[in-house]
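Inspection log for the structure reproduced underneath, given as structure tokens.
No lab work stands behind these numbers, since they all come straight from the coordinates. The shown structure was predicted, so the numbers you read here are calculated from the model rather than taken from an experiment. Cβ sites come from the backbone with ideal geometry, for glycine too, and all protein chains shown count toward neighbours.
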Amino acid sequence: MYLLANTIQPYAWGSTDAIPKLLGGEITGKPQAELWLGAHPLAPSQLVSLGIGLDEFEKAHPEAMGPSGKLPFLMKVLAAAEPLSLQVHPNLEQAKAGFAEEDARGVAKDDPARNYKDANHKPEMLVALTDFSALSGLRDPQAAIADIEMLLGAAAGGGEEGRKLLKRLRAGELEDAFLGLLRGGEGVRELVRALIEGAGAKPQTQAAQTVTFISEFHGDDPGVAAALLLNRVDLKPRQAVFLGAGNIHAYLHGLGIELMANSDNVLRAGLTPKHIDIDELAKIASFEPVPPPVLPHDDMDYFTEGLVEYAYRPATVEFQLWDSRLSDSRTRIPPGPAILLVLKGEVRLSTTRARFALPESATELTLTRGQSVFIAAEEYVEAAGADCRIAVSSVDPRPRAFAGRVS
């Protein structure tokens, strides 16, 4: 086991106090959007005892990362005070092709206009720690029509763009409707302003609340109208959402643990000052309506002795998340590679068996709130404590398809 030191990403949409209140640490008054735990080269965790990054350790000791020789997931604590961009992630084939094509054109890795930062896909899962709101996947066109007509009926009308949008939705042309909003000019902004006006007249409706909240930060951005074509997902603590390749989505507000394949590939559609490439996004986005992709958890008891434990297993082998509350009890941690983060209390960890001899690897550690460790492949660890809570990210050899229901 290795104690980790991790990086906070100060993105502008981040909360100033949610992560420090959860994990301890200083409230600086500046945004603290994401805590990264993993080997991603943009912000690798540091192994305290060795003084090197987890990415460097990965290269020196691929055996510690499992069969692939690389840590396949990136774990984050995400704290959104403002809406994130409307975005979509590529599948593995698309990521490899896009990365190679931009490399061949000589697009620098740090170019703000680069779409593909790496050659990996980015399926992701968000497990809520507080009430958490997001947009995810295109919704039934009829539901979108009802909300748009309701808001425009309470306003002065949405002009030609409003009529065009409703016509496309009635014809079931979700792709044309969504991309038409993104590619529209002043007419779409006029439509957005009408939707904002209508939301002010119908504040009790969910559609109005979505429009009002997003427009507070993004004004008449076309993404405000595009948001009404997506499912609104409101999670309670310990509920989760899984976002596969092609899913158009945006996190709105809340605190959660995000787990994803080790990638930073994002195609943005709106609600951001960052680079937007609508043509490329159109190639990888899914424009089929889907139900809200809420992921049920498993109530696990065969790993435990009288403690509350949930496991979240999306349809990917690259990651799973365990959320455990220890109360005068102990549990076996899923064998690594894994990252364990203490959310509450003091936890005692001990290695019961390890396959690989690694430099300065601890066999016993005591962690407090906010501390984390990396557990190597085929290293078996027990956790013990009282009134504690831990989150463990690890590889799942048994993928399960999510059922699309609230658990």
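In the stretch 298-394, what is the volume of the convex hull around the alpha carbon atoms, normalised per residue and reported in Å³? Don't skip to the answer; put the middle values down first.
Working: hull volume 8.9 nm³, N = 97.
Normalising the Cα hull of the stretch 298-394 by residue number yields 91 Å³.
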Excluding exposed DSSP-loop GluC sites (Glu not before Pro) (at most 16 other C-beta within 10 Å), longest clean stretch of the chain:
27-172
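Take the residue pairs LYS21/LYS109; LYS96/LYS274; LYS70/LYS274; LYS76/LYS109 and return only those whose Cα atoms are more than 32 Å apart. Could the numbers behind the result be given before it?
Numbers: LYS21/LYS109 35 Å; LYS96/LYS274 22 Å; LYS70/LYS274 30 Å; LYS76/LYS109 22 Å.
Beyond 32 Å between Cα atoms: LYS21/LYS109.
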ALA60 paired with GLN206, simple spin-label distance in nm, labels 7 Å along Cα-to-beta-carbon
5.1
Please give the helix 186-201 orientation as an angle from the longest Cα principal axis of the chain, in degrees from 0 to 90, rounded to the nearest 10.
80
What's the angle, to the nearest 10 degrees (0 to 90), between helix 141-153's Cα axis and the longest principal axis of the chain?
60
Correct option for log10 I(q)/I(0) by the Debye sum over Cα atoms at q = 0.10, 0.13 Å⁻¹ [calculated from the coordinates] among (i) -0.69, -1.09; (ii) -0.80, -1.18; (iii) -0.84, -1.32
(i)
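I'd like the FRET efficiency for ASP279 and ASP103, computed as 1/(1 + (r/R0)^6) with the beta carbon distance as r and R0 of 22 Å, rounded to 0.05.
Numbers: r = 19 Å, r/R0 = 0.87.
Plugging the Cβ-Cβ distance into 1/(1 + (r/R0)^6) gives 0.70.
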For the stretch 1-154, restrict the atom set to alpha-carbon positions and state the Rg and Dmax in Å.
19.4, 63
Compute the projected area of the convex hull of the Cα atoms of the stretch 140-228, averaged over all viewing directions, and report it in nm² to one decimal place.
4.7
Report, in degrees rounded to the nearest 10, the 0 to 90 angle that the Cα long axis of helix 206-218 makes with the longest principal axis of the chain.
80
